[in-house]
1. What Kirkwood radius, in Å to one decimal, follows from the Cα pairs of the chain?
2. Applying a 10 Å radius around every beta-carbon, put 47-59, 167-179 in order of their mean neighbour count, most first.
3. Amide H of L96: which non-local residues (sequence gap of 5 or more, or other chain) have their own amide H closer than 5 Å, using H built in the peptide plane?
4. Which order, highest average first, do 65-72, 80-87 follow once you tally other Cβ atoms within 10 Å for each residue and take the mean per peptide?
5. What shape does region 244-295 have by the C-alpha gyration tensor, where a ≥ b ≥ c are the square roots of the eigenvalues, rounded means a/c under 1.5, and otherwise prolate means a/b greater than b/c and oblate the rest?
Amino acid sequence: QVEAGLTQTVQPGWLSRWETTSRHLSLGHLVGMGMFGHVIQAKLKTPAGEITVAAKAVRRKDTQCYRNFYREAAILVAIHEDQNHENLRSNIIQLLGLVNETSQKYILMEYASKGNLLLLLRQARRQNGTIFLPYNLRYAVHISRALQELQRLALTHCDVAARNVLITADDVAKLADFGLARDVYATVQYVTGHKRERAKRENLDDEVFPLNWMSLESLETGEYTCQSDVWSFGVLLWEIATLGREPRYDGNNNPSCLQLARTLRRGVRLRRPPECSGEMYDVMSSCWQEQPSERPDPDVLEKRLLQVRNTMI
Ligand code: ADE
C-alpha cells in the first residue's frame, strides 16, 4: 500500500514531540486556500514569546482531506527529524508544531510574509513589466537546494510549481505544500491517470491536477521519482522566466493525461519564451529529457543556475 510507510508512523503519540495545544494559538485571517486545506495566519505563544505562524487546517472534514493533512504532517516531521536538517539554512518550509485535537487540527509552519512565488512574479510583471531575471533566479537556486535535501531523504514532493514556493521576509524561497509528497520507496503509484482524468471532467483546475507540470512518466504511469520533481522544477524555471505565465503546450487545449504524454513523447516541449536567454532555456530543457536518468540532479542544477546568473550580473 502506498501509505504503508506513513500510516505506520501515524500512531498515537507519533507526533507528540511536535504537539502543542490550541490554547497557545490565536487564529487570525485566511492567507491561502487549496484543494485539501486552507492556511490561516495565527499567533503562537512559545516560551520565547509570541510568534506569527501559518496554521494549515483541513478544508473539509472528510477522509481525503484528513489523509492529505496527516500525510503532509508526517512528511514534514520526517524531514525535520532528520539529523542533517538545519531549519535556518533549509529551503523547506519550517515546521513549528502540530495541533491534533478532536475538533482542531493544525500544521503550524513558519510564516512566509511575502507569500507565494507565483503571485510575486505576476505582481512584478504588472508593476514594471521588466524582467529582472538574476534576482528571481535566486529563488530557483533556493528551490534546487530544497530538492537536494528531498533527494537525500528519498522523498518526492510531487507538486513542484511556483504556487507552492513561499518567500520569507528576508527573501528566501521555501518549498511548501507537502500534501502530495511521497516516500520514493513506497511502491504503489499514488495518483493514477484515471483519477486525474475524472478530476478534469469534474472541472477541478490546475491547482489540483497540474498536468502541465507533470513529467512524461508521471502522466503515463502515475509514477513519481526525484527525477520527475526535476521535470517540474524545469517548468518552475519557465514560470520564473516568464514572470508567472501559465505553462501551455502548443496545440493542446485541455488535454487528458495520455494525450499530453503522447505529445511529449513526440518531443514537444514548452517553447523558449522570447524573454528567456538560450542559456537559461538549455537549463530548463535539460529537466525535460525523456529519459529520467538523463535529467540533471538538483546539485548540478544549482551549479548551472549559479553560472547562468553570474553571466547576467
Ligand atoms: N500561505 C500558505 N502557506 C503560507 C505560509 N507558511 N506563510 C505565508 N503564507 C502562506
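1. Values: mean 1/r = 0.0498 Å⁻¹.
For the chain, the Kirkwood estimate is 20.1 Å.
2. Working: 47-59: 16.0, 167-179: 19.4.
Ranked by mean Cβ neighbours within 10 Å, highest first: 167-179, 47-59.
3. Distant-sequence amide H within range of L96: L108, M109, E110.
4. Details: 65-72: 19.9, 80-87: 11.1.
The densest-packed peptide leads the list: 65-72, 80-87.
5. The shape class here is oblate.
Throughout, read-outs are computed from the coordinates displayed, never taken from laboratory work. These numbers were taken from a predicted model, which means no experiment stands behind them. Ideal geometry is used to build each Cβ from the backbone, glycine not excepted, and the neighbour counts take in all protein chains shown.
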